[in-house]
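Each reported figure results from applying straightforward, stated rules to the coordinates on display, with no laboratory input. None of these values were measured; they are calculated from a predicted model. Here the Cβ positions follow ideal geometry from the backbone for every residue, glycine too, while neighbour counts run over all protein chains shown.
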Amino acid sequence: MTRNTVKSHVMLMVLTLLISVLAGCSGSSNKTADNNEGTKPTNEVSATAEATAEATAQAEDLSPLTLSFFAEDPNPNWNNMKDDISKVITEKTGVTLDAEFAVGDPQQKIALIAAGGDYPDIISAKADIGKLVDAGAIIDLTELIDKYAPNIKRVLGDNLARAKYTNEDQSIYAIPTWAAVDEKKFVAGGGFELQHRVLKEAGYPEIRTVTDYENVIKAYLEKHPTDENGNKNIGVSLNADDWHMYISVTNPAVATTGGSDDGEYYVDQQTHEAIYHFRRPEEKEYFRWLNHMNDIGLLDKESFVQKYDQYKAKVATGRVLGLIDQDWDYNDAQQALKTAGKFDQTYGHYPVTLTKEYKETSFWPTGFMGGYGISISSTNPDPIRTIKFLDFLASDEGQILNNWGIEGKHYVIENGKRIVPTDVQDRINNDNTAFTKETGIGFYWNMMVHYGDGAKDASGNYYTKNFPEQLVLGYSDVEKETLAAYKATTWKDLFPKEEEFTEKAYGAAWNIAIPGEDEVTVLGNKMRDITWKRIPEAILAKPADFDKIWADYMAALEKAGVEKMEKGYTKYVQDRVALWSAK
């Protein structure tokens with residue numbers, strides 16, 4: 001602990017005693033808030049919390065503090081905290097972030113951070129957090145949360161137990177920020193994507209299987225082989241650059257064959273046994289279909305050689321008819337199409353599976369997930385100020401600021417409801433990239449404990465803007481026309497609902513932290529290297545060679561120890577079930 005930190009402790013104790021004298025009954029107020037952990041805030045609790053926060057703010061150290069921050073996820077629109085909401089956050093906390101976002105393989109960067117000893121003050125890591133724990137790079141946050149983070153405790157409630165690292169080490173090394181509390185998802189941002197013009201020309205047929213998807217693309221290309229400038233239209237382009245391979249190439253093999261999103265594994269929902277999902281025979285048939293798409297000229301020949309920026313630039317031309325991706329991965333390109341007024345060349349989302357015997361699983365519920373989140377490093381100069389900064393983000397004020405922006409500028413209150421003015425909504429719809437960079441709305445979601453879509457605050461307003469009535473305001477006329485043709489209001493209406501599945505007892509397997517030097521991690525890297533070589537090879541091969549290449553791929557996995565890896569990973573899944581089931 002530094003000398004400055006000790007002085008801060010002393011000053012805080014003195015000021016806290018002064019506040020307790022002036023605010024007499026604040027102790028009973030805090031007790032009320034504690035008794036309501038795990039529930040949505042009520043008017044009474046929120047009022048108490050607001051009064052307590054107001055009193056505490058008088059004692060807070062708001063002197064300028066710059067903290068370094070590293071996140072595995074990119075943020076191309078980050079504006080060095082010169083955006084609207086970042087300025088408010090600095091004003092409220094005194095904290096400014098010197099932020100760095102991963103470029104290239106985030107796993108390599110985390111490995112370098114862990115080995116280097118000079119750690120960023122705050123780190124947002126994912127599956128690689130084990131490397132940081134092993135290196136002593138991040139600290140146990142349990143006591144800091146308990147003493148200095150009332151908002152984090154209130155929002156997470158009993159879910160805080162799911163932040164424990166393992167059965168053996170029940171420290172909290174990362175505050176869960178990827179998972180949302182009390183969430184009901186309304187946004188369908190995945191599935192298979194098709195341009196609206198493709199569906200319109202086809203007469204809006206059912207898009208349920210890969211064959212349906214293939215047929216409309218093929219029919220459109222036969223009539224329109226080039227765009228208005230004579231450039232060749234493209235059937236489907238995949239984003240296989242580095243980790244994007246998971247999102248656009250390999251994960252869809254699970255989703256189209258009835259499996260839930262568990263990263264590189266398929267988990268039996270009764271026994272919780274895990275297998276490397278590529279070893280499922282049905283997934284072989286999905287990759288055979290991609291091989292067929294390549295063979296008949298509907299798959300972009302550059303799918304496995306283009307870089308991410310090239311992929312986005314290609315999508316932004318409007319020439320790519322279909323994608324197999326998540327909207328956040330191609331959103332910059334789609335926003336460019338909107339800015340250019342090419343709304344019919346933007347994309348809708350469809351619950352495509354290999355055949356109709358499978359059910360698309362985008363909305364398979366996980367419950368609240370621990371695992372991925374925000375960590376404080378062991379070299380952080382002021383962990384207390386840092387946890388208080390994170391706690392502000394978790395407050396109602398912080399959440400509304402991040403999701404809605406500034407009242408009077410980005411939203412207004414009408415008849416007690418938060419409303420986005422028409423002129424602001426038009427900017428969001430037509431120039432979202434510039435709007436986001438200018439406002440900073442949404443920049444802090446993976447740093448903050450938060451309520452999810454569908455959760456309401458004490459005023460009866462939604463915490464986020466992702467609810468049906470607001471989502472529709474963000475749709476273009478072309479998008480609304482497509483949805484109406486399918487008798488739908490939002491894209492989620494086309495997908496199987498949460499109620500059609502049983503909540504997973506372990507959340508999601510990709511969210512389980514594995515110690516960095518564990519044999520499961522080492523073997524997993526070997527399997528990834530094999531897979532990222534063999535899958536493109538199988539897709540691009542002549543159809544007559546596909547079965548042999550696939551057999552060689554399966555043999556290579558077995559030789560590399562895939563069964564041993566599966567056995568080790570199964571233990572981690574089953575341990576999490578036991579940890580989360582413990583009373």
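Sequentially through segment 551-568, phi angles give Karplus couplings (6.51, -1.76, 1.60; θ = phi - 60°) of 4, 5, 5, 4, 5, 5, 5, 4, 5, 7, x, 4, 5, 5, 4, 4, 5, x Hz, Gly and Pro residues having no value and appearing as x. Most simply put, the chain has about 55% antiparallel DSSP beta bridges, counting only bridges with both residues inside it. Given a cut-off of 27 Å, name the pairs among 164/359; 223/359; 92/153 whose C-alpha atoms lie farther apart than that in the structure shown. Check vs 27 Å cut-off fails for 164/359; 223/359. Remark on residue 209: its backbone amide H falls under 5 Å from those of 353, a criterion applied only to residues 5 or more positions apart or on other chains, H modelled at 1.01 Å from N.
By the count of neighbouring beta-carbon atoms within 10 Å, fewest first, 66, 257 end up ordered 66, 257. Counting lysine pairs in segment 251-358 whose alpha carbons fall under 16 angstrom apart, excluding pairs fewer than 8 residues apart on the same chain, gives 6. Pairs spanning more than 32 Å between alpha-carbon atoms, out of 109/218; 417/492; 200/548: 109/218; 200/548.
Look at 554, 81, 369 and count the other Cβ atoms within 10 Å of each Cβ; fewest to most, that gives 554, 81, 369. For residue 167 and residue 456, the difference between the fully extended length at 0.36 nm per residue and the C-alpha to C-alpha distance is 100.7 nm. Partners of residue 82 within straight-line reach, counting aspartates and glutamates whose Cα lies under 19 Å from its Cα and excluding those fewer than 8 residues away in the same chain: 91, 98, 100, 407, 431, 438.
The mean sequence distance of close C-alpha pairs (under 8 Å, at least 6 residues apart), as a share of the length of segment 258-358, puts its relative contact order at 18 percent. Each peptide among 280-288, 212-220 gets the average number of other Cβ atoms lying within 10 Å of its residues, and from highest to lowest they stand as 212-220, 280-288.
Work out the length of the dipole vector of the chain about its Cα centre, built from +1 on the beta-carbon of each Lys and Arg and -1 on the beta-carbon of each Asp and Glu, and round it to the nearest 20 debye. Don't jump to the answer; show the numbers that get you there.
On the way: 62 positive and 89 negative charges, 28 e Å.
With Lys and Arg at +1 and Asp and Glu at -1, about 140 debye.
Reported to the nearest whole Å, the Cα centre-to-centre distance from segment 168-221 to segment 295-365 is 10. Hey, can you grab everything whose amide H is under 5 Å from the amide H of residue 96? Only 5+ residues off in sequence or another chain; H modelled, so Pro and N-termini drop out. For residue 96, whose amide H was placed from the backbone, the distant partners under 5 Å are 65, 66, 67. If contacts are Cα pairs under 8 angstrom and at least 6 residues apart, what is the relative contact order of segment 362-443 in percent? Relative contact order, segment 362-443: 21 percent. Per residue, the average separation of C-alpha pairs within less than 8 Å and at least 6 apart gives the chain a relative contact order of 23 percent.
Segment 369-386 and segment 266-289 have Cα centres separated by 36 Å. Where in segment 277-298 does the amide nitrogen come within less than 15 Å of the point 7 Å from the Cα of residue 560, taken along Cα to Cβ? Of the residues in segment 277-298, 277-280 have backbone N under 15 Å from the label point off residue 560.
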